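Trainee: Got a structure here, written out as structure tokens. Questions coming.
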Amino acid sequence: MSKTLRSTAWLMNGALAASAFLLSNARAQQFTNVSSTSLPPLGSATEATKFADLDLDGDLDLVYANGGDANNQQSRILFNQGLSSAGGGALGTIGVYIDRTTTNLTPNFTQSSRDVQIVDIDNDGDFDFYFSNHSQGTNQSNTWFVNQGLAQGGTTGIFVRDMSRWNGLGSPGSSIPAAQVINSGNFAGGFVDWSCQCDFADADLDGDSDLLHSSYGPGFNAAVMTRLFLNIPNPNVIGGGAGKGDGFFREYNPSNAVSPNPSLNEGNAAGFVEGAQQANTANTAGQFHDITNMSLDVDFGDMDGDFDIDIYANSRDTRQRFYQNRYFENGGGLGSEGSGTRLYRDVTNAWAPNLTDASANYDGDIHDMDNDNDIDGYFLNGGGGTTDVWALNNGTGLLGANLIVPNSGSDDNEIDWHDYDNDGDIDPFISAFAGPDRLYKNQFVETGNINLIQVTGLASGVGSSTLGSDIGDMDNDGDTDVICAEDGGVNEVLLRNNLNVPDPIAPRVPNIQALANGPATSTARRVLARAFDNVNLEYFHHATGTLNFTVNGSPAASPLFYAGGNIWRGEIPGYWHGTIGYSVSITDRRGNTGTSSPQSVTISPVGLAAFGTGVNGCSGGHAISANSSPALPNPDFQVSVTNCPPSSIQLMLVSNGAGTGNDDFGIGIPMWVNLFSPEVYAFDLVVNATGTGVSSVPLPSSAALSGVTYHWQAIIANTTCVIAPFNLSSSGALSTTLFQ
């Protein structure tokens, strides 16, 4: 983040904090500075750095966003050598990094980067990069680098710039004027902007990661709008359309209004928030919004507890803003220009009445500080001057009184949450910039109240020009370590946690959204869950989740998708019917699993009808039924028949014509399927040891089949009794009308 316009008073505060730190440093150190043995000395102007397993080999790698106020520099990618894959060959020492920029970040070119976000934009299971750049020196766009593994068919851990991921910039529907679209050079395909930090989450709850793109404007004028880009299917593929996105991003701008070049005028209705632009608006009813603040940080999270993902937008010198996601208030949709509704509403004055304008709000972050399962806030330099404050959420989004953080008078730049002592509450690590970085111990677990105590003797050589940091277990020993991004050509600082005790704390999943009873459908039933863990919310990228469910007692499962903030999203296929019990489990990177309490829902069948009577077999009548409704597609569709000879193979007949119940073939069986119809099929009926036979027939995705009815009847050969004339028995018929 930018460090321009700093005062000498702030630097003096930093020097005083440094003196206090040195005096207290006689105690045992919580961290060891391993920079000299673990990091290559690159000496860049690094504004941000992030941990992630970039080559999917099981250890955490690093990426640096370089440039910032120093303007154009090459950003960097470093690989952990412990379980080396794309990182450079033979195994080495875990937690020791090698610079692989020239081979793994393609092409090499310089940018004025302030941040990098690591996110799986195309839902293929590996991480991609999004660099936030500014145009103070030369016109630049934010840039996409796509991991070439998995869906790309190349090597995992190789990242290639792909500006085609922008879609529709400067075209009808976009708020970006055509004059701001860049048409040549390394940034071609993007647009001119001044971006410090962006964030990703499933804003529209459709199962992919959308982009919130913030801007502070030229010269930090707070006049350029923040924008929301929705993840869409690949527009270059014929037949692409509705559904989860493939990592292409188009602006959500229901009014179709265009911003002037580059600032947004008062009264302009462009953008993702209800109403029209009005600087410093106090309106919370949707008539006005302010989306031109000086955002240096934006974060997603469910502030009001309704399972959609709200936005906190930091602002350096103006009012910090809160935007409420209105997905459920809109009846489960994005809103529209005709109705005046939008996906978001500016509710700053309702949710944060105690946060006022300041002149150094470089960052804030949101998390559950008191383990009551809602999102609270910590705001750097938010108490006037350079004093940090925190505030608690009442569960509906309203933040209470600002409470002062002790010893927070230095020029703080970023906060990162982690549970450094593994006691079950989250502790803030502060990138202080004008003095040594600080760590606070949250004493909530010990006392039942939040009391932030500065940890003295943090480490030797902690960062003194840190612009940002990140948390991650770089040596796979179970505790959280810290990487600090240093400004002004200073080498980065890597702090290894000396706790050396594996994290024992499982994620909490306090709430899952209740499903409504109803009929089976061809679309999946979305299940949303709120979750928390003892590290920053973004670290959920390294966790895995499972949606556990049972259908009439039979177990099943499907994967969960991390939706951003504290929200996870899963799907139960819509074709299941009966009593469905479900719960959510989330497993953190250390292997700790937390599970929600169970829920249940009753789903009625659709498209099924039984008719006709069969002939009893040796063990009685044969009931025929389907395990699920005949939706298109339905890969799990099965028809079952009871009282069959155990461990045998029998015959299932299927026709698109119904029979009349006559013994058409003189075999003693009334035929309820018409074997003279245009479509007749025979399937194996595989009988288990208890006498239940199953024919598994996956139903395809085919619009042409919607509305077509097929009739099913089982013919059973018996060997343990005599049934005239040929020892055959049968079920009645089951009609299945396929539907989309």
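The values are calculated or read from the model by the stated rules, or taken from the named source; none is laboratory data. Since this is a predicted model, take the numbers as computed values, not measurements. Don't worry about glycine lacking a Cβ; one is built from the backbone with ideal geometry, like all the others, and counts go over all protein chains shown. Surface areas here come from the heavy atoms of the whole protein model, side chains and all, with no ligands, DNA or RNA. Shrake-Rupley method; radii C 1.70, N 1.55, O 1.52, S 1.80 Å.
Trainee: So what's the angle, to the nearest 10 degrees on a 0 to 90 scale, between helix 8-24 and the longest Cα principal axis of the chain?
Mentor: Result, in degrees: 80.
Trainee: Is the C-alpha gyration tensor of segment 541-694 telling us rounded, prolate or oblate? Criteria: a/c under 1.5 is rounded; beyond that, a/b larger than b/c is prolate, otherwise oblate.
Mentor: On the way: a/c = 3.15, a/b = 2.44, b/c = 1.29.
Prolate shape, in that a/c is at least 1.5 and a/b is the bigger ratio.
Trainee: Which of Ser629, Leu60, Thr46 sits closest to the plus end of the dipole of the chain, meaning its Cα is farthest towards the positive end, when Lys and Arg get +1 and Asp and Glu get -1 on the C-beta?
Mentor: So the residue we want is Ser629.
Trainee: Taking all pairs of different Cα atoms in segment 45-106, averaging 1/r and flipping that mean, what Kirkwood radius in angstroms comes out?
Mentor: 11.8
Trainee: Quick check on packing: order 670-678, 427-435, 579-587 by the mean number of other C-beta atoms within 10 Å, highest mean leading. Can you show the working numbers first?
Mentor: Working: 670-678: 17.3, 427-435: 26.0, 579-587: 19.9.
Sorting 670-678, 427-435, 579-587 by mean packing, highest first, produces 427-435, 579-587, 670-678.
Trainee: In Å and whole numbers, how far do the C-alpha atoms of segment 162-203 stretch along each principal axis, longest first?
Mentor: 29, 24, 20
Trainee: Once the convex hull of the C-alpha atoms of segment 674-740 is built, how many Å³ does it hold per residue, rounded to a whole number? Mind dumping the intermediate values first?
Mentor: Numbers: hull volume 7.8 nm³, N = 67.
Normalising the Cα hull of segment 674-740 by residue number yields 116 Å³.
Trainee: Treat every Asp and Glu Cβ in segment 50-165 as -1 and every Lys and Arg Cβ as +1, leave all other atoms uncharged, and give the resulting dipole magnitude about the Cα centre to the nearest 20 debye.
Mentor: 420
Trainee: Would you kindly give the portion of the calculated P(r) for segment 109-169 that falls above 17 Å, as a percent of all Cα pairs?
Mentor: Values: 757 of 1830 pairs.
Counting every Cα pair in segment 109-169, those more than 17 Å apart make up 41 percent.
Trainee: Further, regarding this structure: In percent, how large is the relative contact order of the chain, given Cα pairs closer than 8 Å and 6 or more residues apart? Walk me through the intermediate numbers first.
Mentor: Details: 2232 pairs, mean separation 69.6, N = 740.
Answer for the chain is 9 percent.
Trainee: Right, another one. Hey, what's the per residue convex hull volume over the C-alpha atoms of the chain, in cubic angstrom? Numbers along the way, then the final one.
Mentor: Numbers: hull volume 124.6 nm³, N = 740.
Spelled out: Cα convex hull of the chain, divided by residues, is 168 Å³.
Trainee: Nothing charged except the Cβ atoms of Lys and Arg (+1) and of Asp and Glu (-1): what's the magnitude of the dipole of the chain about its Cα centre? Round to the nearest 20 debye.
Mentor: Values: 28 positive and 77 negative charges, 270 e Å.
Using only the charged Cβ atoms, the result is roughly 1300 debye.
Trainee: Whenever you get a sec, line up Trp194, Trp417 from highest to lowest accessible area (probe 1.4 Å, protein heavy atoms). Walk me through the intermediate numbers first.
Mentor: Details: Trp194 25, Trp417 0 Å².
Accessible-area ranking of Trp194, Trp417, largest first: Trp194, Trp417.
Trainee: If you build the convex hull over the alpha carbons only and average its shadow over all orientations, what do you get for segment 571-657? Give it in nm² to one decimal. Could you put the intermediate results ahead of the total?
Mentor: Values: hull surface 37.9 nm².
For the Cα atoms of segment 571-657, the hull's average projected area reads 9.5 nm².
Trainee: Then there is this: Quick one: what are the phi-derived ³J(HN,Hα) couplings along segment 174-182, Karplus 6.51/-1.76/1.60 with θ = phi - 60°, whole Hz, x for glycine and proline?
Mentor: So the Karplus estimates, Gly and Pro as x, are 8, 7, 7, x, 4, 5, 8, 6, 8 Hz.
Trainee: Please give the length that would be gained between Leu150 and Asp664 if that part of the chain were fully extended, namely 0.36 nm times their separation in residues minus their C-alpha to C-alpha distance (nm, one decimal). Walk me through the numbers before you get to the answer.
Mentor: Numbers: separation 514, 0.36 × 514 = 185.04 nm, distance 5.50 nm.
My answer for the length gained is 179.5 nm.
Trainee: While we're on this one: Label 7 Å along Cα→Cβ of Thr138; segment 169-207 residues with amide nitrogen under 13 Å?
Mentor: The answer is 184-188, whose backbone nitrogens lie closer than 13 Å to the label point.
Trainee: What cysteines in the chain have no other cysteine with a beta carbon less than 4.7 Å from their beta carbon?
Mentor: Isolated Cys, the chain: Cys196, Cys198, Cys484, Cys644.
Trainee: Could the peptides 121-132, 385-396, 718-729, 96-107 be put in order, highest first, of the mean number of other beta-carbon atoms found within 10 Å of their residues?
Mentor: Result, highest mean first: 121-132, 385-396, 96-107, 718-729.
Trainee: Okay, next question. Which is farthest toward the positive dipole end of the chain among Gly461, Ala516, Gly275, measuring Cα position about the Cα centre, with Cβ charges +1 (Lys, Arg) and -1 (Asp, Glu)?
Mentor: Working it through, the farthest residue towards the positive pole turns out to be Ala516.
Trainee: Would you check the accessible area of Trp166, probe 1.4 Å, heavy atoms only, in square angstrom rounded to 10?
Mentor: My reading of the accessible area for Trp166 is about 20 Å².
Trainee: Could you give the size of the charge dipole of segment 279-343 about its Cα centre, using +1 on the Cβ of each K and R and -1 on the Cβ of each D and E, expressed in debye and rounded to the nearest 20? Numbers along the way, then the final one.
Mentor: Numbers: 5 positive and 11 negative charges, 54 e Å.
Here segment 279-343 has a charge dipole of around 260 debye.
Trainee: If R₀ is 56 angstrom, what is the calculated FRET efficiency for the pair Ala188 and Ala610, using the beta carbon separation as r and rounding to 0.05? Display every interim value, and only then the final one.
Mentor: Numbers: r = 63 Å, r/R0 = 1.12.
Calculated value: 0.35.
Trainee: What percent does the relative contact order of segment 134-225 come to when contacts are Cα pairs within less than 8 Å and at least six residues apart? Spell out each step's value before the answer.
Mentor: Values: 150 pairs, mean separation 21.7, N = 92.
Worked out over segment 134-225, it gives 24 percent.
Trainee: Further, regarding this structure: Could you give the length gained by full extension between Ala724 and Val680, i.e. 0.36 nm per residue of separation minus their alpha carbon distance, to one decimal place? Show your work: numbers first, answer last.
Mentor: Working: separation 44, 0.36 × 44 = 15.84 nm, distance 2.62 nm.
The span from Ala724 to Val680 would gain 13.2 nm if fully extended.
Trainee: Determine, from the Cβ-Cβ distance of Thr37 and Asn108 and an R0 of 30 Å, the FRET efficiency 1/(1 + (r/R0)^6), rounded to the nearest 0.05. Present the calculation step by step, with values, prior to reporting the outcome.
Mentor: Numbers: r = 27 Å, r/R0 = 0.88.
Given R0 = 30 Å and the Cβ-Cβ separation, E is 0.70.
Trainee: Something else about it: Residue farthest toward the positive end of the dipole of the chain, with Cβ of Lys/Arg at +1 and Asp/Glu at -1: which of Ile649, Phe229, Val490?
Mentor: About the Cα centre, the residue reaching furthest to the positive side is Ile649.
Trainee: Hey, rough spin-label estimate for Asp317 and Gln638, points 7 angstrom out along Cα→Cβ, what's it come to in nanometres?
Mentor: Label-label distance for Asp317 and Gln638, simple model: 6.7 nm.
Trainee: Here's something else I'd like to know. How compact and how long is segment 169-264, expressed as Rg and Dmax of its alpha-carbon atoms in Å?
Mentor: 13.9, 44
Trainee: Same structure, new question: Dividing the alpha-carbon radius of gyration of segment 636-695 by 2.2 N^0.38 Å (N being the number of residues), what value is obtained? Provide the component values of the computation, followed by the final result.
Mentor: Details: Rg = 12.7 Å, N = 60, 2.2 N^0.38 = 10.4 Å.
Its radius of gyration relative to the 2.2 N^0.38 Å reference: 1.22.
Trainee: Ranked highest first by average number of other Cβ atoms within 10 Å, how do 515-524, 485-494 line up? It would help to have the intermediate numbers written out before the result.
Mentor: On the way: 515-524: 15.0, 485-494: 21.7.
Order by mean packing, descending: 485-494, 515-524.
Trainee: A further question follows. What does the extension gain come out to for Val708 and Thr93, with contour length at 0.36 nm per residue minus their alpha carbon separation?
Mentor: On the way: separation 615, 0.36 × 615 = 221.40 nm, distance 6.21 nm.
That pair, Val708 and Thr93, stretches by 215.2 nm at full extension.
Trainee: In the neighborhood of Asn283, defined by Cβ-to-Cβ distances under 11 Å, what is the net charge if each Lys or Arg adds +1 and each Asp or Glu adds -1? Numbers along the way, then the final one.
Mentor: Working: positive: Arg345; negative: Glu274, Asp290, Asp346.
Counting the neighbours of Asn283, the net charge comes to -2.
Trainee: Sticking with this one: Rounded to the nearest 500 deg cm²/dmol, what is the calculated helix-only ellipticity per residue at 222 nm for the chain, with -39500 (n - 2.57) per DSSP H run of length n ≥ 4? Before the final figure, lay out the partial values.
Mentor: Values: 5 runs with 33 residues, N = 740.
When only DSSP H runs of four or more count, the value is -1000 deg cm²/dmol.
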